[in-house]
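Encoded as structure tokens, the structure appears first; notes follow it.
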Amino acid sequence: MLYRKAYDYLLKWKNKTDKKALLVTGTRQIGKTYIIRKFAKENYQNFIEINFITNPEASKIFDGDLNADTLIINLTAYSRKSLQKGNTLIFLDEIQECPSARIAIKFLVDDGRFDYIESGSLLGVNYKEVKSYPVGYEEIYQMYPLDFEEFSTANGVQKETIEYLRKCFEEKAEVSEAVHRSMLKLFGYYVIVGGMPAVVQRFADSRDIGEVLKIQTDILALYRQDISKYADSSKEKIKNIFDMIPAQLNAKNRRFKLSDIKNSARMLRYETSFNWLADAGVALPCYNITEPKLPLELNLQNSLFKLFFCDTGLLCAASMGNIQFDILAGDLSVNMGSILENVFAQELVSKHFKLRYFNKKNIGEVDFIVQRGKKAVPIEIKSGNDFKKHKALDNVLSKAEWKIEEGIVFCKGNISIENNVTYLPWYMSMFFKDETLPEHLKVDLDIVNI
């Protein structure tokens with residue numbers, strides 16, 4: 001049984017006194033329905049699940065009058081269950097198939113008798129028009145594939161080990177050699193397995209990479225089918241972009257070039273297709289910035305970007321050749337650089353960082369620039385043994401006008417600090433998070449005679 005951080009989020013949501021409906025979104029096959037069912041069965045006396053794809057007739061519940069009393073009568077008649085006030089969860093799955101259900105949510109939330117969770121894949125949640133979105137009545141939570149911490153737990157890493165590693169990260173202390181080697185090996189497995197729950201479970205149960213690859217191939221086929229189902233007249237462009245991602249990442253600078261799809265291709269004609277894949281959660285765009293200065297958004301170059309897969313395991317499965325077996329055999333060739341970048345793109349996004357990189361002729365290219373608290377932090381991802389060679393990062397750190405205090409290098413080495421560069425093992429990505437405001441922040445407001 002896979003541990004998911006989403007479960008902890010659901011518990012916090014349940015304990016809120018001013019609950020809204022919770023809309024759980026994310027790309028296909030990341031375990032949304034599974035974790036919601038598990039949460040419901042373990043925390044509510046009564047649970048009603050309605051799936052608008054498997055039960056299209058259920059849409060009739062939301063036809064006609066949308067006042068709360070009528071809706072609840074319809075829900076009880078459909079489910080044939082009595083509902084207990086304050087201890088009932090109603091789960092509306094594949095919500096994108098019933099736009100009127102999303103309209104009805106605001107009336108049900110106002111009524112307050114029961115709790116409501118909606119779920120839908122990003123591939124479909126926006127493709128049908130909703131006349132009136134329930135603004136102010138929905139809380140949105142986006143799920144992602146398993147991150148490396150969740151993957152580690154699924155593969156037997158004990159809580160005590162995770163906490164030991166967390167302490168090393170926080171104190172910038174070296175990890176014991178035995179643990180370090182074991183975690184590097186596990187991270188290598190994560191690179192080729194990725195974080196799709198069905199894939200991770202099969203790997204944890206069997207350790208069979210052939211079986212892993214079969215499931216990953218099926219998921220890729222499902223994504224292509226969904227492009228055909230949900231995309232508009234641009235579906236051929238979208239498919240072309242989707243299929244080109246592995247080859248583009250393997251290129252020298254990993255930048256996505258439209259000319260590789262078609263010589264006459266122009267960004268204006270393809271922009272909506274890129275946006276569609278990003279909105280669907282299938283692809284993760286990483287945009288170039290003109291300067292590594294805050295706010296990063298003011299320095300964005302929308303026409304220069306890299307495009308990563310949502311899941312590193314799917315990238316390996318979509319790549320040509322036996323790349324999985326090469327990695328297992330310790331062949332960290334040039335391909336490993338692009339795959340490692342994809343792993344970190346996936347990890348950073350799951351921790352709510354926006355993906356940005358910096359490339360300038362007289363400076364060089366830095367893999368990622370993220371905003372962490374009130375600081376811009378340059379990050380380099382190194383696959384080889386020469387991880388202490390990072391000319392572009394050094395150039396960025398030397399520019400006094402950019403006021404960058406620290407650079408991060410993720411590598412195969414142990415934790416160390418030299419000058420203003422911190423070296424972290426790849427697996428420490430699980431603790432690299434944004435430094436945001438605390439969850440509860442109170443201020444004193446003592447204003448007299450305004």
>> Looking at the stretch 73-86, can you tell me whether even one residue there is outside any loop (DSSP other than H, G, I, E, B), without any contact (Cβ under 8 Å) to a residue 40 or more places away in the chain and small (Gly, Ala, Ser)?
In response: yes
>> Against the condition assigned to a loop (DSSP other than H, G, I, E, B) and surrounded by fewer than 20 Cβ atoms within 10 Å (Cβ to Cβ), how does LYS16 come out, does it pass?
In response: yes
>> Within the stretch 305-324, take every residue that is out of contact with any helix residue (DSSP H, G or I) (no Cβ under 7 Å at 6 or more places or on another chain) and over 15 Å from ILE245 (Cα atoms) and give me the one that is modelled with the lowest pLDDT.
In response: GLY321
>> Among the residues of the stretch 357-414, what is the count of those that are of a type in the set (Phe, Trp, Tyr) and without any contact (Cβ under 8 Å) to a residue 40 or more places away in the chain?
In response: 1
> How many of the residues making up the stretch 165-182 are assigned to a helix (DSSP H, G or I) and surrounded by 15 or more Cβ atoms within 10 Å (Cβ to Cβ)?
Replying inline: 6
>> Quick check on the stretch 348-384: of everything there that is of a type in the set (A, V, I, L, M, F, W, C), in a loop (DSSP other than H, G, I, E, B) and closer than 23 Å to GLY281 by Cα, which residue is farthest from the chain's Cα centre (by Cα)?
In response: LEU355
> If we scan the stretch 108-125, do we find a residue that is in contact (Cβ under 8 Å) with a residue 40 or more places away in the chain, assigned to a helix (DSSP H, G or I) and among the charged types (D, E, K, R)?
Replying inline: yes
> Given (1) surrounded by 21 or more Cβ atoms within 10 Å (Cβ to Cβ); (2) farther than 28 Å from LYS229 by Cβ; (3) at pLDDT below 90, where does PHE39 come up short, assuming only one miss?
Replying inline: (3)
> Can you pull out the residues in the stretch 395-404 that are part of a helix (DSSP H, G or I) and either out of contact with any strand residue (DSSP E or B) (no Cβ under 8 Å at 6 or more places or on another chain) or among the aromatic types (Phe, Trp, Tyr) (or both)?
Replying inline: SER398, ALA400, GLU401, TRP402
> Restricting to the stretch 367-391, what's the tally of residues that are over 19 Å from MET336 (Cβ atoms) and surrounded by 13 or more Cβ atoms within 10 Å (Cβ to Cβ)?
Replying inline: 8
> Which residues, taken from the stretch 225-281, are among the charged types (D, E, K, R), part of a helix (DSSP H, G or I), open to solvent by 70 Å² or more (accessible area, probe 1.4 Å) and modelled with pLDDT of 65 or more?
Replying inline: LYS229, GLU236, ASP243, GLU271, ASP279
> Would the stretch 185-202 turn up any residue that is among the hydroxyl-bearing types (Ser, Thr, Tyr) and either in contact (Cβ under 8 Å) with a residue 24 or more places away in the chain or not in a helix (DSSP H, G or I) (or both)?
Replying inline: yes
> Residue check: is THR33 within 25 Å of SER79 (Cβ to Cβ) and of a type outside the set (A, V, I, L, M, F, W, C)?
Replying inline: yes
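Does the stretch 21-47 hold any residues that are in a loop (DSSP other than H, G, I, E, B) and out of contact with any Lys or Arg (no Cβ under 8 Å at 6 or more places or on another chain), and which are they? Show your work before the answer.
Looking only at the stretch 21-47, we keep the residues that are in a loop (DSSP other than H, G, I, E, B), and these are 27-31, 44-45.
Scanning the stretch 21-47 gives THR27, ARG28, GLN29, ILE30, TYR44, GLN45.
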> For ASN302, which of the numbered conditions (1) touching a strand residue (DSSP E or B) at 6+ places or on another chain (Cβ under 8 Å); (2) modelled with pLDDT under 90; (3) assigned to a helix (DSSP H, G or I) fails to hold?
Replying inline: (3)
>> Could you check the stretch 13-70 and list, in sequence order, the residues that are free of Cβ contacts under 8 Å to residues at least 40 places away in the same chain, within 29 Å of the chain's Cα centre (by Cα) and more than 30 Å from ASP311 (Cβ to Cβ)?
In response: ASN15, LYS16, THR17, ASP18
> Using beta carbons and a limit of 7 Å, which pairs, at least six apart or on different chains, have the first residue in the stretch 230-244 and touching a residue at least 12 places away in the same chain (Cβ under 8 Å) and the second one of a type in the set (Asp, Glu) and surrounded by fewer than 17 Cβ atoms within 10 Å (Cβ to Cβ)?
Replying inline: MET244/ASP260
>> Being at positive phi and open to solvent by less than 40 Å² (accessible area, probe 1.4 Å) is the filter here; which residues of the stretch 64-119 pass it?
In response: GLU94
> Considering only residues of the stretch 120-159 that are open to solvent by less than 20 Å² (accessible area, probe 1.4 Å) and among the small types (Gly, Ala, Ser), which is modelled with the highest pLDDT?
Replying inline: SER152
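The values are calculated or read from the model by the stated rules, or taken from the named source; none is laboratory data. Everything quoted here is computed from the prediction, not taken from an experiment. Positions of Cβ are generated from backbone atoms using ideal geometry, with glycine treated the same way; all protein chains shown enter the neighbour counts. Protein only, heavy atoms only, side chains kept; ligands, DNA and RNA dropped before computing areas. Shrake-Rupley method; radii C 1.70, N 1.55, O 1.52, S 1.80 Å.
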